[in-house]
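Below is one structure, written out as structure tokens, with a few remarks after it.
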Amino acid sequence: MEQFAPVRRSKDGQPVRYLVVDDSVFARKNLGQMIETFGGQVAGEAGDGMTAITEYERTNPDIVLMDITMPQMEGIEAAEKIVRQHPEARIVMVSSVGYQENIVAALQRGARHFVQKPVKPEVLYEVIKYVLGEDGTVAQAAGAGV
Amino acid sequence: MSQSSDERGAELRQLFFESAQELLQSLNEEALKLEKHPGDVETVRSIRRLVHTLKGDAAACGFRELSELAHELEDALTVEAAASHTALAEMAFIAADTFGSVLSAYRNKKSLPPAETLRRMVRELAGSAGSVKRRRKATGETAAPVIWTEYEKLAVENAFSQGKRVYRITARIDPQCLMPIAARQLLLNALATLGEVLGARPETASPADRKRLEFLLASDASAEQVTAKCHIPTVIAQVKVEAVKGGAKSAKRAASPPETEKKIATQVQPAEKEAVAAASSTENDGAEKGQAGVATADNILRVDAERIDNVLNLVGELIIGKSMLQQALNEFARHYPKEAIRGRFADAMAFQARVLNDLQRSVMKIRMVPVEQLFRRFPRMVRDVARQCGKEVELVISGQDTDLDKSILDAIAEPITHLVRNAVGHGIEDARERTARGKAARGSLRLNAYHQGNQVIVEVSDDGHGIDAQKVKAKALEQGLVTPEEAARMSEAETLGFVFRPGFSTAEEITEISGRGVGLDVVQSVLQRLKGRVEIDTRPGQGTTFRLKLPLTLAIIKALLFRVEQRLYAIPLNTVAEIARARESDLHRVDNYEVLQIRNQVLPLVRLGRAPVPQDEHPAERIFVLVIALGERKLGLIVEALEGEEELVIKALDDQSVSTDLVSGASILGDGRVVLILNIAAISDRYGKSRPGETGEIASGLLLSHGERARRAQASTEVRP
């Protein structure tokens with residue numbers, strides 16, 4: 001059940017690199033484990049929006065998983081700032097139902113997609129593939145649809 | 001939960017329990033803050049955020065009930081609700097407790113406790129803010145035929161006139177997706193990349209729970225392209241794209257109204273944006289302030305304490321190895337006093353010793369945690385206890401940065417809790433009594449911690465009515481714990497020491513009069529186990545301070561080594577006040593105690609070894625007397641010879657090998673000899689209890705009476721490393 005065909009970067013066949021932003025260590029770890037099952041790689045982690053921006057600059061990830069509610073700088077603002085600097089940034093908002101309005105705001109400010117908490121791996125997997133679009137390829141044409 | 005194997009799941013759960021505990025702690029702290037400043041918006045947001053994180057983490061771990069409970073609370077915790085509801089702090093406290101008990105039920109795999117109180121409060125809160133209405137409405141909506149406005153129709157015509165194709169897109173939101181508004185926005189974003197969205201149903205983001213969306217899109221793309229773009233996984237379940245007919249007909253007719261089209265676009269969009277922007281900016285404000293406490297440093301590693309203990313243990317072995325080397329080197333030097341290589345050995349040894357020292361200190365530092373970890377649980381407790389007793393108590397905490405060995409910290413948690421409880425419950429008077437005595441109505445309780453030499457001091461002080469030493473003495477006499485003569489001789493500190501006797505303080509009157517409740521003996525026994533001490537400082541009418549003196553670490557002590565009956569023993573160096581030399585003839589007997597006069601003080605003595613047989617007494621024989629200071633009390637230990645001082649790595653002895661409390665541990669010296677470390681507190685106690693007056697013998701041979709066992713222990717541990 002938990003096997004996902006690894007998703008690679010189209011341009012060089014390397015693992016997709018992620019930046020995981022969440023103020024809960026637990027949530028980060030949880031997402032990190034999912035990312036590993038997708039054949040991806042956690043390039044960086046951040047516990048607040050401010051760090052997320054500097055980590056983005058440092059790691060230049062393929063995908064950012066961004067929590068909404070965080071100390072110091074919230075996810076929306078961080079997402080907005082990142083997209084302004086890097087319009088190509090693929091930011092996926094991760095949050096629970098209660099913060100729908102904030103997700104909408106983030107989407108209006110350039111976030112590419114959203115996943116609701118608790119994150120289900122199969123959902124995240126589909127979202128990742130969608131967000132990567134042409135830039136991601138599923139290695140070994142194994143079960144694409146879950 | 002399909003993503004994790006068992007092992008991973010267990011690890012995650014462990015992490016969850018730990019972080020959840022921290023969340024609850026913060027929740028308590030925020031609740032206290034809210035109680036002080038009711039209706040404070042920042043605090044309410046902060047609480048909401050904590051509950052939110054807990055909800056998310058719980059859900060990810062598969063703890064559905066907890067997640068749902070947190071979800072209900074989070075939903076109800078709107079700012080409007082906070083303003084209208086006064087008992088919010090109370091609710092936060094109850095929430096913290098309820099979550100706590102649910103967590104421990106999960107952890108112990110027990111059935112979940114009822115959460116009705118919390119649920120009821122949540123319902124009340126939700127009701128008062130009218131947020132229930134908002135949620136319950138409009139779930140079962142059916143596909144009513146969409147009616148486009150005149151403006152939209154005009155826009156369509158206009159698009160046709162520009163030669164664009166117009167599509168009507170009907171999409172159904174994935175039932176798994178619980179965020180239809182966000183889904184709508186995402187679809188809107190996707191469509192915007194293709195062309196211009198002329199109309200949308202539902203019109204704005206406000207009416208939630210609509211699963212069916214309709215858009216009018218003007219675009220150059222083909223129907224297939226549009227369909228492909230609208231297939232957004234996990235969000236959109238079904239899409240139907242139809243081309244709107246009649247373009248050619250109306251194309252000519254409607255070349256005029258481009259303004260109207262613009263107007264629609266500028267009317268609909270900004271309104272939506274404003275609403276959302278407002279919502280998000282308030283969230284941002286909340287995040288910027290008052291959130292520092294929850295921020296977790298990224299550079300912190302969670303390590304199993306056992307692993308650190310392992311390292312520390314190995315460092316201990318290294319230290320033993322170092323002394324082995326040193327001894328071998330000494331021997332070598334004796335055999336070859338002229339060998340030049342000795343100097344190089346000595347240099348290497350000195351270097352190694354220094355590094356080893358640093359290593360030991362660093363490892364010990366890993367085990368150190370700030371006392372705050374313990375102190376932070378008290379604000380809530382003091383509040384609860386004070387409330388129960390109908391008192392007003394202010395808690396002042398200082399020195400919370402003081403570091404302490406984790407195992408010591410864990411061990412003193414219970415005693416300190418005890419002392420705090422007692423201080424609030426019994427030590428501090430109620431407001432009426434306080435004002436009658438001319439004190440501030442609000443009592444004050446202080447927790448303080450600081451370093452002092454090789455010790456850490458933790459103080460619990462109150463400004464209550466103090467302990468009346470005379471009443472304690474009277475009680476001790478009544479219970480037959482002391483004779484009247486002894487009582488007359490006792491210093492105040494000795495007298496107060498009685499409150500630590502098991503069973504002593506439980507007596508009703510004492511509890512009421514002196515205000516010290518049950519179980520102070522627990523405090524005493526824990527402190528003894530830790531090789532620490534507890535002192536009482538009290539002034540009638542002004543308050544009491546309990547001072548806990550703790551060693552910095554349990555693993556390594558500086559010890560004084562000495563011989564009794566040819567055997568090697570050690571005591572912690574910090575208990576030794578001084579070492580006196582004497583002759584047997586200097587010793588006197590008072591009431592069957594042996595005493596020694598040092599300067600102007602009379603020092604009671606304990607013979608660890610056998611007393612010399614009277615007939616072949618050697619009055620000139622030299623002996624050593626170790627003067628031990630235990631709080632106010634001094635005691636002399638008679639030993640035969642001193643061996644020196646050394647840093648000992650304590651090896652705990654299990655109960656099978658030693659069943660006397662006179663020995664608290666053992667250590668191995670560099671030459672492989674085993675030394676037993678004596679428990680000074682127990683020896684002093686034994687001295688106090690062995691009532692020489694009754695047996696007619698002097699206190700001697702203390703170690704010998706338990707000697708057999710101790711010797712067996714020694715034999716069993718005597719292995720060359």
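A few comments on the model shown:
- With 0.36 nm allotted per residue and the present C-alpha distance subtracted, the B:E331-B:Q162 stretch has 50.4 nm of extension available.
- Each semi-axis of the equivalent ellipsoid for the stretch A:17-132 is √(5λ) with λ an eigenvalue of the Cα gyration tensor; in descending order they amount to 18, 16, 14 Å.
- Beyond 20 Å in Cα-Cα separation lie the following of the pairs B:K391/B:K473; A:K11/A:K81; B:K475/B:K549; A:K29/A:K120; A:K11/A:K120: B:K391/B:K473; A:K11/A:K81; B:K475/B:K549; A:K11/A:K120.
- Reciprocal mean inverse distance between Cα atoms of the stretch B:371-551 - Kirkwood radius, Å: 16.6
- Remark: the stretch A:1-79 carries 33 Å² of accessible area per residue (probe radius 1.4 Å; ligands, DNA and RNA excluded).
- Estimated at the nearest 10 Å², the accessible area of B:S525 is 60 Å² with a 1.4 Å probe.
- For peptide A:109-116, the mean count of partner chain Cβ atoms within 10 Å of a residue's Cβ comes to 5.
- The solvent-accessible area of B:D671, taken with every protein chain present and a 1.4 Å probe, is close to 40 Å².
- Overall form of the stretch B:414-486 per C-alpha gyration tensor (a/c, 1.5; a/b vs b/c): oblate
- Protein-only accessible surface at a 1.4 angstrom probe places the residues B:R48, A:R28 in the order B:R48, A:R28, largest first.
- When the Cα atoms of the stretch B:305-367 are aligned to their principal axes, the ranges along those axes come out at 49, 15, 10 Å in descending order.
- Within 10 Å of each Cβ in A:19-26, the average number of Cβ atoms from other chains: 6
- Residues of the stretch B:322-350 with amide N under 14 Å of the 7 Å Cα→Cβ point at B:D671: B:323-332, B:334
- Legend: distances between Cα atoms for B:K531/B:K651; A:K129/B:K55; B:K322/B:K406; B:K109/B:K406; B:K153/B:K245; pairs beyond 20 Å are A:K129/B:K55; B:K322/B:K406; B:K109/B:K406.
- Modelled FRET efficiency - R0 60 Å, B:S585 with B:S407, Cβ distances, 0.05 increments: 0.80
- Segment B:Q14..B:R123, full-extension length gain: 36.1 nm, with 0.36 nm per residue of separation and the alpha-carbon distance subtracted.
The values are calculated or read from the model by the stated rules, or taken from the named source; none is laboratory data. These figures come from a predicted structure and were not determined experimentally. Don't worry about glycine lacking a Cβ; one is built from the backbone with ideal geometry, like all the others, and counts go over all protein chains shown. What goes into the accessible areas is simple: the full protein's heavy atoms, side chains included, and nothing from ligands, DNA or RNA. Shrake-Rupley method; radii C 1.70, N 1.55, O 1.52, S 1.80 Å.
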